[in-house]
Amino acid sequence: MTPQDEITLDRREAVARILEDRGDALLITGLGSTTWDAAAVGDYPRNFYLWGAMGGAALLGLGVALAQPHRRVLVITGDGEMLMGLGGLATIAVQRPGNLSVVVIDNESYGETGMQKTHTHHGVDLAGLAAAAGFPTSRTIYSRGELEETVSLLYEACGPVFAVVKVEATVAPTVLPPRDGPYLRDRFRGAVLGDGASE
Amino acid sequence: MPSLMNKESGWSDEVFSVLQNMGIRQVAYVPDAGHARIIELCQSDSHMRAVSLTTEEEGVALLAGAWLGGERGVLLMQSSGVGNCINMLAMIQECRIPFLTLIAMRGEWGEFNPWQVPMGQATGGLLRDMGVIVYRPDTTEQLMGAVNAAAQLAFAANRAVAVLISQQIIGFKNWQK
């Protein structure tokens, strides 16, 4: 269990800090709070939000990263969403995409369903699992200083990069981005592929 | 190589050439003995990326990402893996993302393992319930046309399409190996 007094980061501030440096990186967010976090920073065509498909965010990111090897692909998801797709850490590590970074915003809770504790609250170490799977860079961030040191790795280190950001288990206001699947799909493809999006 | 009775696997090379011609780049798979030859061919093709999965639903998410990034893919799995994919297929249906899967059937024609039967019998119905169009060729001759048509429907008409490859085509697993 993480001592709660060690956790001082606010999820909205942490996600805003990470995305401040995104440049032209492509962003995939997982079902729930991390989608609201990204939308609070701003809704852009290079964002693709999962409004379902729980457990699929990191693997969807892998598919994008393999298809677009010259662009940085950032996945931001929650601890509950990542826990549902743990096997995917092994799949990603084996593929070793140099351009993929996966960030878990870890409040140790299922934020959309009543703040029930997840396994990370009881000691499951997601960064340790990613490192054991073979991610060359994997770390857990507790402080603003550690976050500052890690942001550049998310965009520049040879991936796959994995980072768990421990955040306070507070409920931030829900900020809803667009949710219609075909709209999000066409918008993202247009941003990535330009005129080739209709192929 | 897994041992399969009664059948030669020349169809695998023909199916692979269809995948090549359709511009498939990402080949996600949880292996089945019936797909062994196709997986080998994909692994040795420099234009394809073979991605081994821990569970089939990873492949659904992976291929959604592939297409969002501009590449076509295919998911190779056994019928028992279809059950693992159900919730992830909701994304394919809602976003109307092109999706092609070639499913090696178990639990039907001459099955030896009774534990394979429930999922094998339910495979087509479950896929249809999730909005996947199902082709079910009965012969090797029909298989090539089905794979070609399925790929066209998937990538030209933005649909989810599954080709169920019968044990009549694959052959029985040899339990006396």
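Brief remarks follow.
- Positions from segment A:33-51 whose accessible area shrinks by 30 Å² or more when the full protein complex is built, not the chain alone, probe 1.4 Å: A:Phe48
- DSSP bridge pairs, chain A: antiparallel proportion in percent, nearest 5: 10 percent
- Delta accessible area of at least 50 Å² on complex formation, residues of segment B:22-69, 1.4 Å probe, chain isolated as reference: B:Arg49, B:Glu58, B:Leu62, B:Trp67, B:Leu68, B:Gly69
- Dipole in debye (nearest 20) - chain B, about Cα centre, beta carbon charges: Lys, Arg +1; Asp, Glu -1: 80 debye
- Per the accessible-area calculation with a 1.4 Å probe, the total area buried between chain A and chain B rounds to 2100 Å².
- Overall, segment A:1-146 carries a charge dipole of about 520 debye about its Cα centre when +1 sits on the Cβ of Lys and Arg and -1 on the Cβ of Asp and Glu, all other atoms neutral.
- Exposure check, 1.4 Å probe, all protein chains in place: A:Glu156 carries approximately 150 Å² of accessible surface.
- Among A:Phe162, A:Gly111, A:Leu100 - extreme Cα towards positive end, dipole of chain A, charges at beta-carbon: A:Leu100
- Whole-Å distance, taken between Cα centres, linking segment B:19-46 and segment B:67-135: 16 Å
- List of segment B:80-109 residues, accessible area with partners at least 10 Å² below that of the chain alone (1.4 Å probe): B:Asn87, B:Met88, B:Met91, B:Glu94, B:Cys95, B:Arg96
- Placing unit charges on the Cβ atoms of the charged side chains and taking the dipole of segment B:2-90 about its Cα centre, the candidate lying farthest along the positive direction among B:Ser79, B:Ile24, B:Gly10 is B:Ile24.
- Heavy-atom surface of segment B:59-177, accessible at 1.4 Å and reported per residue (Å²): 38 Å²
- For the peptide A:178-190, the mean number of other protein chain Cβ atoms found within 10 angstrom of a residue's Cβ is 3.
- Euclidean distance between Cα centres, segment A:39-65 to segment A:180-196, Å: 13 Å
- Calculated FRET value between A:Leu193 and B:Val117, using beta carbons and R₀ = 51 Å, to 0.05: 0.70
- Positive-end extreme of charge dipole, segment B:73-153 - chosen from B:Pro114, B:Gln142, B:Leu100 (charges on Cβ): B:Leu100
- Within the accessible area of segment A:4-192 (1.4 Å probe), percent carbon and sulfur: 52 percent
The values are calculated or read from the model by the stated rules, or taken from the named source; none is laboratory data. Remember, predicted model here, so these are calculated numbers, not experimental data. Neighbour counts are summed over all protein chains in view; Cβ atoms, including those assigned to glycine, are modelled from backbone coordinates with ideal geometry. To get the accessible areas, we keep the full protein, side chains included, count just its heavy atoms, and leave off ligands, DNA and RNA. Shrake-Rupley method; radii C 1.70, N 1.55, O 1.52, S 1.80 Å.
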